[in-house]
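Remarks on the structure that follows.
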Amino acid sequence: MYVAVKGGERAIDNAHAWLAEERRGDVTVAELTVPQIREQLALAVNRVMTEGSLYDPDLAALAIKQSRGDLIEAIFLIRAYRTTLPRIGHSHPVETDKMACDRRVSATFKDVPGGQVLGPTFDYTHRLLDFKLMAEGEVPEAVEAEPRIEPTPHVTSFLNKEGLIQTEAEGEDTPPDLTREPLELPANRALRLQALTRGDEGFILSMAYSTQRGYGNSHAFVGELRIGKVAVEIDIPELGFAIEVGEVELTECETVNKFAGSKVEPPQFTRGYGLTFGQTERKAISMALVDRSLRSKELGVEVSNSPAHDEEFVLYHCDNIQATGFLEHIKLPHYVDFQSEMELVRKMRAEIASASAKEAAE
Amino acid sequence: MRKVAAMGKPETALSPDQKARKAWMGLLAKSDAALLAERMVEMADLPGFEWLRRPEVGGVMVRGRMGGTGAPFNLGEMTVTRCSLRLATGEVGHGYAQGRDKRQAEQAALVDALMQGARAEAVREAVLAPLEAAQVAARSARAAKAAATKVDFFTMVRGED
(Lines give C-alpha, C1' and ligand atoms only; values in the text may rest on other atoms or scores of the structure.)
Protein backbone atom coordinates (compact mmCIF):
# COMPACT_ATOMS: atom_id res chain seq x y z
CA MET A 1 0.00 0.00 0.00
CA TYR A 2 1.35 3.43 -0.92
CA VAL A 3 0.34 6.58 0.88
CA ALA A 4 1.66 9.99 -0.09
CA VAL A 5 3.66 11.55 2.70
CA LYS A 6 4.73 15.19 2.69
CA GLY A 7 7.31 17.03 4.69
CA GLY A 8 10.67 15.81 3.38
CA GLU A 9 11.24 18.55 0.83
CA ARG A 10 13.49 20.83 2.87
CA ALA A 11 15.51 17.90 4.17
CA ILE A 12 15.94 16.57 0.62
CA ASP A 13 17.09 19.95 -0.73
CA ASN A 14 19.58 20.30 2.09
CA ALA A 15 20.81 16.74 1.63
CA HIS A 16 21.47 17.44 -2.06
CA ALA A 17 23.29 20.67 -1.25
CA TRP A 18 25.50 18.78 1.18
CA LEU A 19 26.02 16.05 -1.46
CA ALA A 20 27.33 18.71 -3.87
CA GLU A 21 29.74 19.99 -1.21
CA GLU A 22 30.95 16.48 -0.34
CA ARG A 23 31.38 15.70 -4.03
CA ARG A 24 33.81 18.57 -4.29
CA GLY A 25 35.64 17.45 -1.16
CA ASP A 26 38.45 19.53 0.33
CA VAL A 27 38.54 22.76 -1.68
CA THR A 28 42.25 23.18 -1.05
CA VAL A 29 42.73 20.14 -3.33
CA ALA A 30 42.46 20.89 -7.07
CA GLU A 31 39.12 20.00 -8.64
CA LEU A 32 38.98 17.10 -11.11
CA THR A 33 38.03 18.05 -14.64
CA VAL A 34 36.00 15.87 -16.99
CA PRO A 35 38.91 15.61 -19.50
CA GLN A 36 41.17 14.44 -16.64
CA ILE A 37 38.74 11.64 -15.83
CA ARG A 38 38.33 10.75 -19.51
CA GLU A 39 42.10 10.56 -20.05
CA GLN A 40 43.36 9.21 -16.73
CA LEU A 41 40.51 6.99 -15.51
CA ALA A 42 39.87 5.60 -18.98
CA LEU A 43 39.07 2.07 -17.83
CA ALA A 44 36.33 3.34 -15.52
CA VAL A 45 35.03 5.40 -18.44
CA ASN A 46 35.05 2.27 -20.62
CA ARG A 47 33.05 0.28 -18.09
CA VAL A 48 30.46 3.04 -17.78
CA MET A 49 30.13 3.22 -21.59
CA THR A 50 29.75 -0.56 -21.93
CA GLU A 51 27.19 -1.03 -19.17
CA GLY A 52 25.55 2.34 -19.79
CA SER A 53 25.23 1.12 -23.38
CA LEU A 54 26.36 4.41 -24.89
CA TYR A 55 29.74 5.13 -26.46
CA ASP A 56 30.60 8.71 -25.50
CA PRO A 57 33.76 9.08 -23.37
CA ASP A 58 33.03 12.68 -22.36
CA LEU A 59 29.56 11.84 -21.05
CA ALA A 60 30.83 8.77 -19.21
CA ALA A 61 33.57 10.88 -17.59
CA LEU A 62 30.99 13.49 -16.56
CA ALA A 63 28.80 10.75 -15.08
CA ILE A 64 31.75 9.44 -13.05
CA LYS A 65 32.45 12.92 -11.69
CA GLN A 66 28.78 13.51 -10.85
CA SER A 67 28.45 10.10 -9.16
CA ARG A 68 31.60 10.62 -7.05
CA GLY A 69 33.12 7.53 -8.63
CA ASP A 70 30.16 5.23 -7.94
CA LEU A 71 30.24 3.44 -11.29
CA ILE A 72 26.78 1.89 -11.05
CA GLU A 73 25.34 5.33 -10.29
CA ALA A 74 27.30 6.66 -13.30
CA ILE A 75 25.90 3.86 -15.49
CA PHE A 76 22.42 4.82 -14.26
CA LEU A 77 23.01 8.45 -15.34
CA ILE A 78 24.15 7.33 -18.80
CA ARG A 79 21.19 4.96 -19.22
CA ALA A 80 18.84 7.79 -18.30
CA TYR A 81 20.51 10.17 -20.76
CA ARG A 82 20.45 7.52 -23.50
CA THR A 83 16.67 7.34 -23.37
CA THR A 84 16.47 11.04 -24.32
CA LEU A 85 18.38 10.56 -27.59
CA PRO A 86 16.43 10.24 -30.83
CA ARG A 87 17.59 7.13 -32.70
CA ILE A 88 19.32 8.20 -35.90
CA GLY A 89 19.66 4.63 -37.10
CA HIS A 90 21.68 1.48 -36.69
CA SER A 91 25.12 0.67 -38.04
CA HIS A 92 26.27 -2.01 -40.39
CA PRO A 93 27.82 -4.74 -38.25
CA VAL A 94 31.32 -3.55 -37.31
CA GLU A 95 34.12 -5.41 -39.06
CA THR A 96 36.36 -6.53 -36.25
CA ASP A 97 38.70 -8.32 -38.68
CA LYS A 98 39.65 -4.82 -39.89
CA MET A 99 40.32 -3.57 -36.36
CA ALA A 100 43.39 -1.38 -35.84
CA CYS A 101 44.67 -3.57 -32.99
CA ASP A 102 46.36 -2.04 -29.95
CA ARG A 103 46.42 -5.50 -28.41
CA ARG A 104 45.91 -8.97 -29.83
CA VAL A 105 46.78 -12.18 -28.04
CA SER A 106 45.87 -15.83 -28.49
CA ALA A 107 46.20 -18.45 -25.80
CA THR A 108 45.73 -21.28 -28.32
CA PHE A 109 48.28 -20.53 -31.04
CA LYS A 110 51.74 -19.18 -30.47
CA ASP A 111 52.51 -18.32 -34.07
CA VAL A 112 49.67 -16.49 -35.76
CA PRO A 113 49.88 -13.94 -38.59
CA GLY A 114 50.08 -10.57 -36.88
CA GLY A 115 51.69 -12.15 -33.84
CA GLN A 116 51.03 -11.77 -30.15
CA VAL A 117 50.75 -8.06 -29.47
CA LEU A 118 50.55 -7.25 -25.76
CA GLY A 119 49.44 -3.61 -25.97
CA PRO A 120 49.11 -1.42 -22.85
CA THR A 121 48.34 -4.26 -20.43
CA PHE A 122 48.45 -4.86 -16.65
CA ASP A 123 49.45 -8.47 -17.41
CA TYR A 124 52.94 -9.37 -16.18
CA THR A 125 53.06 -6.36 -13.84
CA HIS A 126 53.92 -7.27 -10.24
CA ARG A 127 50.89 -5.61 -8.67
CA LEU A 128 53.10 -3.63 -6.34
CA LEU A 129 51.98 -0.11 -5.50
CA ASP A 130 53.96 2.39 -7.50
CA PHE A 131 54.74 5.24 -5.12
CA LYS A 132 56.23 7.24 -7.96
CA LEU A 133 52.64 7.94 -9.06
CA MET A 134 52.08 9.86 -5.82
CA ALA A 135 54.64 12.39 -6.95
CA GLU A 136 54.34 14.34 -10.16
CA GLY A 137 56.76 12.56 -12.37
CA GLU A 138 57.96 12.31 -15.90
CA VAL A 139 55.98 9.94 -18.11
CA PRO A 140 58.22 7.42 -19.82
CA GLU A 141 57.70 7.40 -23.55
CA ALA A 142 56.29 4.29 -25.22
CA VAL A 143 58.72 2.54 -27.53
CA GLU A 144 57.82 2.43 -31.21
CA ALA A 145 58.54 -0.14 -33.90
CA GLU A 146 57.65 -0.64 -37.55
CA PRO A 147 53.83 -0.44 -37.61
CA ARG A 148 51.75 -3.21 -39.15
CA ILE A 149 49.65 -1.80 -41.99
CA GLU A 150 47.62 -4.80 -43.13
CA PRO A 151 44.61 -6.00 -41.12
CA THR A 152 45.11 -8.75 -38.54
CA PRO A 153 43.08 -11.90 -39.36
CA HIS A 154 40.94 -13.60 -36.73
CA VAL A 155 42.62 -16.58 -35.08
CA THR A 156 39.49 -18.75 -35.34
CA SER A 157 39.65 -18.40 -39.13
CA PHE A 158 42.67 -20.76 -39.03
CA LEU A 159 40.71 -23.42 -37.16
CA ASN A 160 37.88 -22.82 -39.62
CA LYS A 161 40.10 -23.81 -42.54
CA GLU A 162 40.46 -27.30 -41.08
CA GLY A 163 36.76 -27.45 -40.26
CA LEU A 164 37.71 -28.00 -36.61
CA ILE A 165 35.50 -25.21 -35.31
CA GLN A 166 31.85 -24.60 -35.67
CA THR A 167 31.15 -21.91 -38.26
CA GLU A 168 28.95 -19.03 -37.21
CA ALA A 169 25.58 -19.05 -38.95
CA GLU A 170 25.33 -16.04 -41.22
CA GLY A 171 22.24 -13.95 -41.30
CA GLU A 172 21.18 -10.42 -42.07
CA ASP A 173 17.95 -10.44 -40.10
CA THR A 174 17.21 -7.45 -37.93
CA PRO A 175 18.34 -8.47 -34.45
CA PRO A 176 15.97 -7.91 -31.51
CA ASP A 177 16.69 -4.81 -29.42
CA LEU A 178 16.00 -4.96 -25.70
CA THR A 179 16.03 -1.16 -25.48
CA ARG A 180 12.92 -1.17 -27.67
CA GLU A 181 11.05 -4.28 -26.57
CA PRO A 182 11.03 -5.95 -23.17
CA LEU A 183 13.37 -8.91 -22.77
CA GLU A 184 11.29 -12.05 -23.19
CA LEU A 185 12.34 -15.65 -22.81
CA PRO A 186 13.41 -17.83 -24.44
CA ALA A 187 15.84 -15.29 -25.88
CA ASN A 188 17.81 -15.91 -29.05
CA ARG A 189 21.57 -15.53 -29.09
CA ALA A 190 21.46 -11.98 -30.48
CA LEU A 191 19.31 -10.83 -27.57
CA ARG A 192 21.47 -12.69 -25.05
CA LEU A 193 24.63 -11.04 -26.39
CA GLN A 194 23.06 -7.57 -26.14
CA ALA A 195 22.02 -8.28 -22.54
CA LEU A 196 25.45 -9.67 -21.64
CA THR A 197 27.30 -6.67 -23.13
CA ARG A 198 25.21 -4.34 -20.94
CA GLY A 199 25.34 -6.69 -17.98
CA ASP A 200 27.19 -6.00 -14.73
CA GLU A 201 30.87 -6.86 -15.00
CA GLY A 202 30.99 -8.39 -11.52
CA PHE A 203 27.94 -10.56 -12.14
CA ILE A 204 29.11 -11.77 -15.56
CA LEU A 205 32.58 -12.43 -14.13
CA SER A 206 31.17 -14.55 -11.29
CA MET A 207 28.91 -16.49 -13.67
CA ALA A 208 31.90 -17.19 -15.94
CA TYR A 209 34.04 -18.18 -12.96
CA SER A 210 31.34 -20.58 -11.77
CA THR A 211 31.49 -22.44 -15.11
CA GLN A 212 35.25 -22.79 -14.71
CA ARG A 213 34.88 -24.15 -11.19
CA GLY A 214 32.43 -26.83 -12.26
CA TYR A 215 28.93 -25.39 -12.10
CA GLY A 216 27.99 -26.20 -15.68
CA ASN A 217 31.44 -27.40 -16.41
CA SER A 218 33.17 -25.99 -19.44
CA HIS A 219 36.82 -25.60 -20.13
CA ALA A 220 37.36 -22.60 -22.37
CA PHE A 221 40.49 -21.37 -24.08
CA VAL A 222 40.90 -17.77 -25.16
CA GLY A 223 41.24 -18.32 -28.89
CA GLU A 224 41.72 -14.62 -29.34
CA LEU A 225 41.49 -11.37 -27.47
CA ARG A 226 41.82 -8.14 -29.40
CA ILE A 227 41.43 -4.47 -28.53
CA GLY A 228 41.41 -1.60 -30.97
CA LYS A 229 39.39 0.78 -33.07
CA VAL A 230 36.83 -0.05 -35.73
CA ALA A 231 34.87 2.28 -38.00
CA VAL A 232 31.10 2.56 -37.60
CA GLU A 233 29.15 2.91 -40.83
CA ILE A 234 25.47 3.80 -41.25
CA ASP A 235 23.20 4.15 -44.28
CA ILE A 236 22.34 7.74 -45.16
CA PRO A 237 18.92 7.60 -46.84
CA GLU A 238 19.20 11.08 -48.40
CA LEU A 239 22.44 10.06 -50.14
CA GLY A 240 21.59 6.47 -51.03
CA PHE A 241 24.86 5.12 -49.63
CA ALA A 242 26.58 4.49 -46.32
CA ILE A 243 29.22 6.64 -44.61
CA GLU A 244 31.41 6.23 -41.57
CA VAL A 245 29.99 8.30 -38.72
CA GLY A 246 32.76 7.58 -36.29
CA GLU A 247 35.00 4.97 -34.79
CA VAL A 248 34.77 3.11 -31.53
CA GLU A 249 37.31 1.25 -29.45
CA LEU A 250 36.19 -2.33 -28.81
CA THR A 251 37.38 -5.39 -26.95
CA GLU A 252 36.59 -8.67 -28.67
CA CYS A 253 37.08 -12.10 -27.17
CA GLU A 254 36.56 -15.44 -28.87
CA THR A 255 36.74 -18.52 -26.72
CA VAL A 256 36.88 -22.11 -27.95
CA ASN A 257 35.56 -25.16 -26.10
CA LYS A 258 36.13 -28.79 -26.93
CA PHE A 259 32.89 -30.49 -27.99
CA ALA A 260 32.69 -34.27 -28.14
CA GLY A 261 30.18 -34.22 -30.97
CA SER A 262 26.53 -35.18 -31.22
CA LYS A 263 24.33 -37.29 -33.48
CA VAL A 264 24.55 -34.68 -36.21
CA GLU A 265 27.85 -32.95 -35.50
CA PRO A 266 31.37 -34.44 -35.51
CA PRO A 267 33.72 -33.70 -32.60
CA GLN A 268 34.89 -30.11 -32.96
CA PHE A 269 35.37 -26.86 -31.11
CA THR A 270 32.47 -24.61 -30.22
CA ARG A 271 32.65 -20.88 -29.72
CA GLY A 272 31.80 -18.25 -27.17
CA TYR A 273 31.82 -14.56 -28.04
CA GLY A 274 32.35 -11.37 -26.11
CA LEU A 275 32.27 -7.82 -27.49
CA THR A 276 32.40 -4.68 -25.34
CA PHE A 277 33.13 -0.95 -25.65
CA GLY A 278 36.62 0.33 -24.87
CA GLN A 279 39.38 -1.62 -23.20
CA THR A 280 37.30 -3.93 -21.00
CA GLU A 281 38.88 -7.34 -21.38
CA ARG A 282 37.83 -8.95 -18.10
CA LYS A 283 34.26 -8.28 -19.13
CA ALA A 284 34.72 -9.48 -22.73
CA ILE A 285 36.32 -12.79 -21.63
CA SER A 286 33.60 -13.33 -19.01
CA MET A 287 30.93 -12.58 -21.57
CA ALA A 288 32.35 -15.14 -24.01
CA LEU A 289 32.29 -17.85 -21.33
CA VAL A 290 28.71 -17.05 -20.34
CA ASP A 291 27.63 -16.85 -24.00
CA ARG A 292 29.02 -20.35 -24.56
CA SER A 293 27.38 -21.61 -21.40
CA LEU A 294 23.97 -20.29 -22.45
CA ARG A 295 24.34 -21.94 -25.87
CA SER A 296 24.41 -25.42 -24.33
CA LYS A 297 20.85 -26.27 -25.26
CA GLU A 298 21.18 -25.25 -28.91
CA LEU A 299 24.54 -27.04 -29.18
CA GLY A 300 22.99 -30.20 -27.81
CA VAL A 301 25.42 -30.56 -24.91
CA GLU A 302 24.42 -31.51 -21.40
CA VAL A 303 22.44 -28.79 -19.64
CA SER A 304 22.84 -28.92 -15.87
CA ASN A 305 20.80 -26.99 -13.35
CA SER A 306 23.79 -24.74 -12.66
CA PRO A 307 23.09 -21.00 -12.61
CA ALA A 308 25.23 -20.30 -15.68
CA HIS A 309 23.16 -22.73 -17.74
CA ASP A 310 19.94 -21.01 -16.72
CA GLU A 311 19.06 -18.33 -19.23
CA GLU A 312 16.35 -16.83 -17.04
CA PHE A 313 18.65 -16.67 -14.03
CA VAL A 314 21.47 -14.99 -15.95
CA LEU A 315 19.51 -12.60 -18.16
CA TYR A 316 17.06 -11.46 -15.49
CA HIS A 317 19.78 -10.77 -12.93
CA CYS A 318 22.72 -9.42 -14.96
CA ASP A 319 21.50 -5.85 -15.34
CA ASN A 320 22.88 -3.78 -12.49
CA ILE A 321 20.45 -0.90 -13.05
CA GLN A 322 17.40 -3.15 -12.76
CA ALA A 323 18.98 -4.91 -9.82
CA THR A 324 19.96 -1.77 -7.99
CA GLY A 325 16.56 -0.18 -8.63
CA PHE A 326 14.72 -3.03 -7.01
CA LEU A 327 17.25 -3.58 -4.28
CA GLU A 328 17.65 0.03 -3.24
CA HIS A 329 13.96 0.87 -3.30
CA ILE A 330 13.58 -1.02 -0.02
CA LYS A 331 15.44 1.76 1.79
CA LEU A 332 12.72 4.27 0.81
CA PRO A 333 9.78 4.82 3.15
CA HIS A 334 7.66 1.69 3.62
CA TYR A 335 6.00 2.95 6.81
CA VAL A 336 2.51 1.70 5.98
CA ASP A 337 3.66 -1.68 4.64
CA PHE A 338 5.67 -2.18 7.76
CA GLN A 339 2.87 -1.01 10.03
CA SER A 340 0.56 -3.66 8.59
CA GLU A 341 3.25 -6.32 9.06
CA MET A 342 3.67 -5.17 12.65
CA GLU A 343 -0.09 -5.42 13.24
CA LEU A 344 0.01 -8.94 11.86
CA VAL A 345 2.93 -10.04 14.05
CA ARG A 346 1.20 -8.53 17.15
CA LYS A 347 -2.00 -10.38 16.27
CA MET A 348 -0.16 -13.68 15.78
CA ARG A 349 1.63 -13.26 19.10
CA ALA A 350 -1.64 -12.42 20.84
CA GLU A 351 -3.26 -15.54 19.40
CA ILE A 352 -0.41 -17.75 20.56
CA ALA A 353 -0.45 -16.12 24.02
CA SER A 354 -4.19 -16.63 24.47
CA ALA A 355 -3.94 -20.22 23.20
CA SER A 356 -1.21 -21.09 25.71
CA ALA A 357 -3.05 -19.26 28.54
CA LYS A 358 -6.11 -21.37 27.72
CA GLU A 359 -3.95 -24.51 27.68
CA ALA A 360 -2.45 -23.69 31.06
CA ALA A 361 -5.89 -23.05 32.51
CA GLU A 362 -7.15 -26.48 31.43
CA MET B 1 33.04 -12.52 -46.71
CA ARG B 2 30.03 -10.35 -47.38
CA LYS B 3 30.85 -6.81 -48.20
CA VAL B 4 27.68 -4.83 -48.34
CA ALA B 5 28.88 -1.28 -48.42
CA ALA B 6 25.95 0.90 -49.23
CA MET B 7 22.24 0.41 -48.73
CA GLY B 8 22.55 -3.16 -49.87
CA LYS B 9 24.64 -2.08 -52.84
CA PRO B 10 28.16 -3.49 -53.09
CA GLU B 11 30.98 -0.97 -52.73
CA THR B 12 31.76 -1.22 -56.45
CA ALA B 13 28.28 -0.01 -57.38
CA LEU B 14 29.13 3.50 -56.19
CA SER B 15 30.09 6.10 -58.77
CA PRO B 16 33.51 7.78 -58.39
CA ASP B 17 31.75 10.92 -57.14
CA GLN B 18 29.81 8.95 -54.54
CA LYS B 19 32.97 7.18 -53.41
CA ALA B 20 34.76 10.49 -53.01
CA ARG B 21 31.87 12.00 -51.05
CA LYS B 22 31.63 8.93 -48.83
CA ALA B 23 35.34 9.32 -48.05
CA TRP B 24 35.23 13.01 -47.12
CA MET B 25 32.05 12.70 -45.07
CA GLY B 26 33.63 9.85 -43.10
CA LEU B 27 36.80 11.84 -42.62
CA LEU B 28 34.84 14.85 -41.31
CA ALA B 29 32.71 12.70 -38.99
CA LYS B 30 35.81 11.21 -37.35
CA SER B 31 37.84 14.43 -37.34
CA ASP B 32 39.14 16.31 -34.34
CA ALA B 33 36.66 19.16 -33.83
CA ALA B 34 39.35 21.63 -32.76
CA LEU B 35 41.48 20.92 -35.82
CA LEU B 36 38.48 21.20 -38.14
CA ALA B 37 37.54 24.55 -36.61
CA GLU B 38 41.13 25.75 -36.96
CA ARG B 39 41.23 24.75 -40.64
CA MET B 40 37.88 26.42 -41.34
CA VAL B 41 39.33 29.74 -40.22
CA GLU B 42 41.56 29.49 -43.31
CA MET B 43 38.49 29.44 -45.54
CA ALA B 44 37.73 33.10 -46.27
CA ASP B 45 34.41 34.37 -47.67
CA LEU B 46 32.24 31.39 -46.78
CA PRO B 47 28.88 31.73 -48.50
CA GLY B 48 25.75 32.13 -46.41
CA PHE B 49 23.47 29.15 -45.90
CA GLU B 50 20.02 28.19 -44.72
CA TRP B 51 19.29 25.24 -42.49
CA LEU B 52 17.44 22.29 -43.97
CA ARG B 53 17.87 20.44 -40.68
CA ARG B 54 19.41 22.13 -37.68
CA PRO B 55 22.09 20.19 -35.81
CA GLU B 56 20.56 17.47 -33.65
CA VAL B 57 22.27 15.00 -31.33
CA GLY B 58 21.08 11.41 -31.62
CA GLY B 59 22.05 7.83 -31.02
CA VAL B 60 23.21 5.22 -33.50
CA MET B 61 22.81 1.60 -32.49
CA VAL B 62 26.16 -0.07 -33.15
CA ARG B 63 25.90 -3.67 -34.26
CA GLY B 64 28.41 -6.48 -34.02
CA ARG B 65 28.48 -9.98 -35.46
CA MET B 66 28.32 -13.16 -33.40
CA GLY B 67 31.78 -14.67 -33.41
CA GLY B 68 32.94 -11.69 -35.48
CA THR B 69 31.58 -13.26 -38.66
CA GLY B 70 28.02 -14.46 -37.97
CA ALA B 71 24.59 -12.89 -37.69
CA PRO B 72 24.30 -9.34 -36.35
CA PHE B 73 23.38 -8.31 -32.79
CA ASN B 74 22.94 -4.95 -31.07
CA LEU B 75 26.02 -3.98 -29.11
CA GLY B 76 25.11 -0.54 -27.77
CA GLU B 77 24.63 3.02 -28.98
CA MET B 78 27.00 5.87 -29.78
CA THR B 79 26.30 9.59 -29.95
CA VAL B 80 26.22 11.24 -33.38
CA THR B 81 25.30 14.80 -34.38
CA ARG B 82 23.89 15.56 -37.81
CA CYS B 83 22.56 18.50 -39.79
CA SER B 84 21.81 19.59 -43.35
CA LEU B 85 22.11 23.00 -44.99
CA ARG B 86 21.86 24.70 -48.37
CA LEU B 87 24.46 27.25 -49.45
CA ALA B 88 23.40 30.54 -51.00
CA THR B 89 25.02 29.14 -54.15
CA GLY B 90 22.59 26.20 -54.10
CA GLU B 91 24.68 23.18 -53.01
CA VAL B 92 23.20 20.99 -50.26
CA GLY B 93 25.57 19.72 -47.59
CA HIS B 94 25.00 16.99 -45.00
CA GLY B 95 27.12 16.97 -41.88
CA TYR B 96 27.69 14.03 -39.53
CA ALA B 97 30.03 14.06 -36.54
CA GLN B 98 30.70 11.50 -33.85
CA GLY B 99 29.75 12.86 -30.43
CA ARG B 100 27.67 15.89 -29.50
CA ASP B 101 29.50 18.81 -31.09
CA LYS B 102 26.95 20.80 -33.10
CA ARG B 103 29.59 23.19 -34.40
CA GLN B 104 31.57 20.26 -35.81
CA ALA B 105 28.47 18.90 -37.58
CA GLU B 106 27.74 22.36 -39.02
CA GLN B 107 31.29 22.69 -40.33
CA ALA B 108 31.17 19.16 -41.72
CA ALA B 109 28.00 20.06 -43.63
CA LEU B 110 29.58 23.28 -44.91
CA VAL B 111 32.62 21.38 -46.18
CA ASP B 112 30.36 18.75 -47.76
CA ALA B 113 28.49 21.47 -49.65
CA LEU B 114 31.64 23.36 -50.64
CA MET B 115 33.20 20.16 -51.98
CA GLN B 116 30.41 20.04 -54.56
CA GLY B 117 31.13 23.53 -55.87
CA ALA B 118 33.87 25.49 -57.61
CA ARG B 119 36.04 25.72 -54.49
CA ALA B 120 36.39 21.96 -54.03
CA GLU B 121 40.12 21.86 -54.68
CA ALA B 122 40.86 24.72 -52.31
CA VAL B 123 38.74 23.08 -49.59
CA ARG B 124 40.45 19.75 -50.10
CA GLU B 125 43.83 21.37 -49.67
CA ALA B 126 43.00 23.63 -46.74
CA VAL B 127 40.71 21.35 -44.74
CA LEU B 128 40.49 17.73 -45.84
CA ALA B 129 44.19 17.10 -46.47
CA PRO B 130 45.31 18.26 -43.00
CA LEU B 131 42.48 16.31 -41.33
CA GLU B 132 43.49 13.17 -43.17
CA ALA B 133 47.17 13.68 -42.37
CA ALA B 134 46.30 14.05 -38.67
CA GLN B 135 44.22 10.85 -38.69
CA VAL B 136 46.91 8.86 -40.49
CA ALA B 137 49.56 10.16 -38.07
CA ALA B 138 47.49 9.29 -35.00
CA ARG B 139 46.70 5.85 -36.32
CA SER B 140 50.26 4.99 -37.27
CA ALA B 141 51.61 6.28 -33.95
CA ARG B 142 49.38 3.79 -32.10
CA ALA B 143 50.26 1.02 -34.55
CA ALA B 144 53.96 1.74 -33.97
CA LYS B 145 53.54 1.48 -30.18
CA ALA B 146 51.55 -1.74 -30.59
CA ALA B 147 54.26 -3.17 -32.85
CA ALA B 148 56.85 -2.56 -30.13
CA THR B 149 54.85 -4.82 -27.77
CA LYS B 150 54.81 -7.76 -30.18
CA VAL B 151 56.32 -10.87 -28.62
CA ASP B 152 59.41 -12.35 -30.27
CA PHE B 153 59.38 -15.98 -29.22
CA PHE B 154 62.60 -17.92 -29.00
CA THR B 155 63.07 -21.46 -27.78
CA MET B 156 65.53 -22.28 -25.04
CA VAL B 157 67.70 -25.23 -25.99
CA ARG B 158 67.33 -27.93 -23.36
CA GLY B 159 68.73 -31.41 -22.91
CA GLU B 160 72.08 -33.09 -22.49
CA ASP B 161 73.81 -32.51 -25.79
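The values are calculated or read from the model by the stated rules, or taken from the named source; none is laboratory data. What you are looking at is a predicted structure, and each value in this text was computed from that prediction instead of being measured. Here the Cβ is made from the backbone with ideal geometry for all residues, glycine too, and neighbour counts use every protein chain on show. SASA here: full protein model, heavy atoms, side chains in, ligands and nucleic acids out. Shrake-Rupley method; radii C 1.70, N 1.55, O 1.52, S 1.80 Å.
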Centre separation in Å (Cα based) which lies between the stretch B:45-61 and the stretch B:113-143: 20 Å
Mind giving me the nanometre distance, one decimal, between the label points for A:Thr121 and A:Leu327, set 7 Å out from Cα along Cα→Cβ? 3.1 nm
Diffusion coefficient in µm²/s returned for the stretch A:303-362 by Stokes-Einstein, Kirkwood Rh over C-alpha pairs, 25 °C and 0.890 mPa s, is 155 µm²/s
Check: the stretch B:1-147 dipole with +1 on Lys, Arg Cβ and -1 on Asp, Glu Cβ, in debye: 780 debye
When the Karplus curve 6.51 cos²θ - 1.76 cosθ + 1.60 is applied with θ = phi - 60°, which whole-Hz ³J(HN,Hα) does each residue of the stretch A:246-257 get, with x for Gly and Pro? x, 9, 10, 8, 10, 10, 10, 10, 10, 10, 10, 10
Grab the other residues whose beta carbon is less than 12 angstrom from that of B:Ala144, score K and R as +1, D and E as -1, and report the net. +1
Placing each pseudo-label 7 Å from Cα in the direction of the beta carbon, A:Arg349 and B:Arg139 end up separated by a distance in nanometres of 7.4 nm
Inter-chain shielding metric for A:132-145, i.e. average beta-carbon neighbours from other chains within 10 angstrom, reads 2
Interface size B-A, as summed buried accessible area [1.4 Å probe, Å², nearest 100]: 6300 Å²
With the other protein chains left in place, how much accessible area per residue, in square angstrom, belongs to chain B at a 1.4 angstrom probe? 49 Å²
Give me the compactness ratio for the stretch A:72-230, meaning the Cα radius of gyration over 2.2 N^0.38 Å. 1.33
Using a 1.4 Å probe on the protein heavy atoms, what percent of the accessible area of chain A belongs to carbon and sulfur? 57 percent
Based on the mean of other Cβ atoms within 10 Å per residue, sort peptides A:232-245, B:46-59, A:210-223 so the most packed one is first. A:232-245, A:210-223, B:46-59
I'd like the mean, over residues of A:225-232, of how many other protein chain beta carbons sit within 10 Å of each residue's own Cβ. 3
Surrounding charge for B:Gly93, neighbours by C-beta under 15 angstrom, Lys/Arg +1, Asp/Glu -1, total +4
Over the stretch B:31-143, with every protein chain in place, what whole percent of the accessible area is carbon and sulfur at 1.4 Å, could you tell me? 50 percent
Solvent-accessible area per residue, Å², over chain A with all protein chains present [probe radius 1.4 Å]: 59 Å²
For A:52-62, mean number of other protein chain Cβ atoms within 10 Å: 4
Highest-MSF residue in chain A out of A:Glu224, A:Glu144, A:Glu184 [GNM, Cα springs under 10 Å]: A:Glu144
Working from the pairwise distances between different alpha carbons, so that the mean of 1/r is found and then inverted, what is the stretch A:8-67's Kirkwood radius in Å? 12.8 Å
Rounded to whole Å, √(5λ) for the Cα gyration tensor eigenvalues of chain A, largest first, gives 43, 32, 22
The simple spin-label model distance between B:Val92 and A:His334, using points 7 Å out along Cα→Cβ, in nm, is 5.8 nm
Quick calc, the stretch A:1-70, dipole around Cα centre from Cβ unit charges on Lys, Arg (+) and Asp, Glu (-), nearest 20 debye, gives 140 debye
When chain A is modelled as a GNM with alpha-carbon springs shorter than 10 Å, which of A:Met348, A:Met207, A:Met49 fluctuates the most? A:Met348
Sorted by packing (mean other beta-carbon atoms within 10 Å per residue), highest first, where do A:91-103, B:124-136 land? A:91-103, B:124-136
Theoretical FRET efficiency, 1/(1+(r/R0)^6), r = Cβ-Cβ of A:Ser356 and A:His219, R0 51 Å, to 0.05: 0.30
Square roots of five times the C-alpha gyration tensor eigenvalues of chain B, ordered largest first and given in whole Å, equal 39, 21, 16
Dimensionless Rg/Rh of the stretch B:35-129, both radii on Cα and Rh by Kirkwood, sits at 1.11
Once the dipole of the stretch A:43-127 is set up with Lys and Arg at +1 and Asp and Glu at -1 on Cβ about the Cα centre, which of A:Phe76, A:Leu118, A:Val94 lies farthest towards its positive end? A:Phe76
